[in-house]
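Some notes on the structure that comes next.
Since every read-out is calculated from the coordinates, none of them should be taken as a lab result. Treat the numbers as computed from the prediction; the structure is a model and nothing was measured. All Cβ positions, glycine included, derive from the backbone under ideal geometry; neighbour counts span all protein chains shown.
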């Protein structure tokens, strides 16, 4: 049980607190009002900085085209008992992104290859939707020739002229104006593949008389639109307000918790002091 001296000290502390509140009875309301005003102003500042953006979004359209192949050239090697088929094709180098080679019903143990003097990027998992944690920018390798073994009914090689995803589909640029954004987007999208000639090679066992069925396709990108990045203003303001309130809550909640805990402790001591006074009067 606290002593009379402790109760008297608490009483004096409570008197000092009451005097402070008496001098400024609107202190708590002032602090809350200033806090809410500051929260609103900061939220509006975050909202304004978000909608007044210098980010522009560009979009491109991909056009896929099948390449017409002439009759292949055949070479039979008697010593190795293998037949080699070759096709030469010319691609459209303007904004060329994908080169897709497909062979149907290759014989067992045959190989399919595509070669280019400028080099293409490819990987066995490229184009595989079931591949886990695959990134072409990290895993694809640039080679002058990519070769795969026959995989049954359909064998394919999927290649890129550049693994950078910014030149395909959609991307963003920072610019001070729409004209500058269009110039930067065009610079990113524009590329002319150094070598438009490719050679396709199929090697099969035995002396073959029927050439394999080969399909070669290319994909070219074309810049279609450049637009300023925009957000939903109401939603963005609410998110900004919630973020600022969260930040202020981390600072203000502990402070107010300490304040109200001190008030509760003061009232508890006042009750104990009142009880002690009554006991003294009864004695």
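Put in line by how crowded their Cβ is, counting other Cβ atoms within 10 Å and starting with the fewest, 87, 239 read 239, 87. Residues 189, 94, 34, ranked from the fewest to the most other C-beta atoms within 10 Å, line up as 34, 94, 189.
Which ordering of 60, 137 is given by a fewest-first count of other beta-carbon atoms within 10 Å?
Numbers: 60 21, 137 11.
In order of increasing Cβ crowding within 10 Å: 137, 60.
Approximating the spin labels as points 7 Å out from Cα along Cα→Cβ, the residue 57-to-residue 258 distance works out to 4.6 nm.
Site pair residue 149 and residue 274 shows an inter-label distance of 9.2 nm when each label is modelled 7 Å from Cα along Cα→Cβ.
In a solvent-free Debye calculation with one equal scatterer on each Cα, what is log10 I(q)/I(0) for region 106-235 at q = 0.13, 0.15 Å⁻¹, listed in the order of the q values? Values, matching the q order: -0.71, -0.87. For residue 176 and residue 104, a Förster radius of 45 Å and the Cβ-Cβ distance give a FRET efficiency of 0.30, rounded to the nearest 0.05. Of interest is the spacing of the C-alpha centroids, which for region 150-195 and region 81-110 amounts to 22 Å.
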